[in-house]
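The values are calculated or read from the model by the stated rules, or taken from the named source; none is laboratory data. Please read these numbers as outputs of a predicted model, since none were measured by experiment. Cβ placement follows ideal geometry from the backbone for every residue including glycine, while neighbour counts extend to all protein chains displayed.
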Amino acid sequence: MNRNGTLSLTVLGGGGEVGANAYEVSCCGVRLLLDCGTHPKKEGPETLPALSLLGRPPHACLFTHAHVDHCGAAPVLGKMFPGIRGYATDPTVILMDRMLHNSVSVMEALAREQGISSYPLYDHYDVNYFIRHMTGVAFGCPFFLPAPAPVEVSFHEAGHVLGSAGILIQFPGHTLYYTGDVCRKPQFLLGGARFPRRNIKIDTLIIESTQGGTEEGKHFPFNEETDRFARAVDRVLRRGGCVLIPSFALGRTQEMVNLLAYLQETGRVAPADIYTAGLGRAIYEVYDKFSDLLKPSAWLRPLDMFKRMGNVVAEPGEIRNLLAKPCIIVSTSGMMLPNTLSAALAAVMTQEERHAIFFVGYLDPDTPGYKLLHGAPGDPVSFELGKPPVPKGPAEVAAFRFSAHATRSELAEIIDRFEPRNIVYVHGDPDALAWMRENTANGCTSWVPMIGQTITLEA
Ligand SMILES: [Zn+2]
Ligand SMILES: [Zn+2]
C-alpha cells in the first residue's frame with residue numbers, strides 16, 4: 001500500500017500519443033482507472049490500452065466523455081473484471097451506450113469485409129452488461145466511491161462535447177484533477193469549461209495536450225473563423241458544388257449542422273440541403289434530451305431539419321444522386337479514416353473541381369484526411385483499405401479552426417489556475433507534449449509518461 005498522500009500513476013494508453021486513453025491511479029489502497037479508450041488509428045487488439053498491466057481489478061472506472069479514444073475499451077474491461085463499476089455524467093452514460101453499440105457494428109463490418117478475425121473485440125451483450133454497471137452523476141455533485149478508503153469524486157464541465165467532464169478526485173492526502181479533453185472557449189452550442197472552486201488545492205494535474213503542437217497564431221477568434229467558413233461554403237454552393245465536412249459523430253456534427261443552419265437563416269450561406277448520417281443523428285437525439293446543458297443562448301434545431309443520408313458506401317450509385325445538386329454533407333469520420341462515409345465521399349468528390357472538402361477538427365498526420373489536406377495534386381490517398389489509392393484531384397480542400405480542444409495558451413491558463421505540485425502531460429503528439437512540458441510547467445514537477453510507465457507523485 002502507498003504511503004498516505006503518495007499517488008502512483010500507470011499509463012496504459014494515451015502516454016506520448018493521442019491514443020487509447022487509460023490511466024490507473026492508486027492511492028491509500030484505492031485503485032481507479034481513468035478512461036478506458038481505443039486507439040482510433042490501430043486495428044484489432046492493438047487498439048486496446050495495455051489492460052494486462054492491471055494486476056488487480058480497479059475499484060472503479062471513471063470516464064471523462066464518450067469519444068471512443070476515452071471509452072471504446074470499456075466492455076473489454078467489463079469482461080476482464082465482471083461487475084466493475086463505471087461512473088460518468090448522465091449524458092455520457094447514454095452517449096457511451098450509443099457509441100459502443102456503434103463500435104460493435106463497425107467491428108463486425110470490418111470482420112466481414114476486411115477479414116479481421118479478432119473483430120469484434122466485444123459484442124452488443126458486453127456493451128449492455130457494462131452500461132448496466134454504470135452510474136450516471138450530475139455535474140458538480142460530489143459523491144463517495146465504494147472503496148476501502150473515503151475517496152470523493154466530482155465531475156466538472158469540460159466544454160468539449162455534451163457530457164464531457166474534468167474529474168476531481170480527493171483521496172485522503174492527495175487531490176487529483178484530470179482534465180480529459182477540454183475546451184476553454186464556448187462553441188456554437190456548448191459553453192466553455194468550468195473548473196472546481198479555486199480554494200481546492202490540486203496536488204496533481206493530468207492535462208491533455210492535443211493542441212500543444214499548434215502555434216497560437218494559427219487559431220482565430222470563433223466569429224472571424226465563422227465568417228471565413230461561411231464565405232467558403234457559400235462560394236462552393238453558388239458554383240454548383242457540394243461541400244463535405246468530415247466530422248466526429250459526437251460533438252462536431254451537432255455543432256456544425258446548427259452553425260450551418262444559422263448561417264443559412266441569416267443569409268450568409270446559400271440555401272441547400274444539409275445531410276447527416278446514422279450515428280450523428282442518434283447522438284443528436286441525446287443532445288436534444290439534455291439541451292438544458294447547452295449554452296443558454298443555444299437553440300438546438302429540430303433534427304428533421306437535416307436530411308438523412310443513405311448508405312452511400314454500400315450503394316455507389318447513391319453518391320452520384322447525392323452530389324447531383326449543391327448540398328452540404330456533415331459526416332464521419334472527422335479525420336477521414338479509411339472505409340468511412342467521409343472517405344468514400346471524398347474519393348469521388350476530389351475528382352471534380354466544383355466540390356469542396358472542408359476539415360473542421362484535429363487531423364492526425366497518419367490519416368487520409370491529413371494527406372488530402374497537405375498533399376499535392378496527384379498524390380495518392382488511400383480512402384479504402386484493400387483498394388488502390390486514389391490520386392488527389394482538383395476539388396477545393398481547406399481546413400477551418402473549430403477545434404473543441406484548448407489552445408496552447410488556454411492550456412497554460414488552466415495550469416496557472418490550478419498551480420499544481422505535479423503536472424502530467426498526456427493525450428498529445430510527441431511534439432505537442434514536449435512543447436507543453438518545456439513552456440508551461442513553471443518549475444512544477446512535470447512528467448510526460450509513456451505507455452507502461454508508472455510514476456510516483458507526492459502530495
Ligand atoms: Zn474527445
Ligand atoms: Zn480524446
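Per-structure values
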item: Positions within segment 176-187 being in a loop (DSSP other than H, G, I, E, B) and away from ligand 2 (no atom under 16 Å from the Cβ), in sequence order; result: LYS185, PRO186
item: Boolean, TYR284 is at pLDDT 95 or above and closer than 24 Å to ASP181 by Cβ; result: yes
item: Segment 419-447, residues that are over 14 Å from THR407 (Cα atoms), buried (at least 20 other Cβ atoms within 10 Å of the Cβ) and either of a type in the set (A, V, I, L, M, F, W, C) or touching a Pro at 6+ places or on another chain (Cβ under 6 Å) (or both); result: ILE423, VAL424, VAL426, TRP447
item: Flag if THR226 is in the same structural domain as GLY159 (by TED's automatic domain parsing) and among the hydroxyl-bearing types (Ser, Thr, Tyr); result: no
item: Scope segment 16-39; condition buried (at least 22 other Cβ atoms within 10 Å of the Cβ), assigned to a strand (DSSP E or B) and of a type in the set (Gly, Ala, Ser); matching residues; result: ALA22
item: Hits in segment 89-121 (condition: more than 28 Å from PHE155 (Cα to Cα) and either of a type in the set (D, E, K, R) or within 21 Å of the chain's Cα centre (by Cα) (or both)); result: SER105, VAL106, MET107, GLU108, ARG112, GLU113, LEU121
item: Residue that is under 27 Å from VAL18 (Cα atoms) and assigned to a loop (DSSP other than H, G, I, E, B), where the choices are LEU372, LEU363; result: LEU363
item: Selection from segment 40-92 of residues that are surrounded by 24 or more Cβ atoms within 10 Å (Cβ to Cβ), hydrophobic (A, V, I, L, M, F, W, C) and assigned to a loop (DSSP other than H, G, I, E, B); result: PHE63, ALA66, ALA73
item: Filter pass, GLU224 being without any contact (Cβ under 8 Å) to a residue 12 or more places away in the chain and of a type outside the set (Gly, Ala, Ser); result: yes
item: Some residue of segment 259-266 being surrounded by 19 or more Cβ atoms within 10 Å (Cβ to Cβ) and under 23 Å from LEU373 (Cα atoms); result: yes
item: In segment 25-75, residue farthest from ligand 2 (Cβ to nearest atom) [restricted to those that are more than 19 Å from GLY428 (Cα to Cα) and among the basic types (Lys, Arg)]; result: ARG56
item: Residue, farthest from LEU337 (Cα to Cα), within segment 375-390, restricted to residues that are free of Cβ contacts under 8 Å to residues at least 60 places away in the same chain and in contact with a Pro (Cβ under 6 Å, 6 or more places away or on another chain); result: GLY378
item: Unmet criterion (only one of (1) modelled with pLDDT under 95; (2) in contact with a strand residue (DSSP E or B) (Cβ under 8 Å, 6 or more places away or on another chain); (3) of a type in the set (S, T, N, Q)) for SER8; result: (1)
item: Residue in segment 113-128 that is within 16 Å of ligand 1 (Cβ to nearest atom) and closer than 21 Å to ALA22 by Cβ present; result: no
item: Test set (1) farther than 17 Å from ILE415 by Cβ; (2) surrounded by 17 or more Cβ atoms within 10 Å (Cβ to Cβ); (3) under 25 Å from the mean Cα position of the chain (by Cα) - PRO196 fails condition number; result: (1)
item: Some residue of segment 32-50 being at pLDDT below 95, among the acidic types (Asp, Glu) and more than 16 Å from ligand 1 (Cβ to nearest atom); result: yes
item: Tally of residues being over 18 Å from SER103 (Cβ atoms) and over 17 Å from the mean Cα position of the chain (by Cα) across segment 228-284; result: 37
item: Of residues in segment 93-116 being charged (D, E, K, R) and surrounded by fewer than 17 Cβ atoms within 10 Å (Cβ to Cβ), the one nearest to GLY278 (Cα to Cα); result: GLU108
item: Complete set of residues in segment 375-388 that are surrounded by 15 or more Cβ atoms within 10 Å (Cβ to Cβ) and part of a loop (DSSP other than H, G, I, E, B); result: GLY375, SER382, PHE383, GLU384
item: Residue list for segment 188-213, restricted to those being away from ligand 2 (no atom under 14 Å from the Cβ) and either in a helix (DSSP H, G or I) or aliphatic (A, V, I, L, M) (or both); result: LEU189, LEU190, ALA193, ILE200, ILE202, LEU205, GLY213
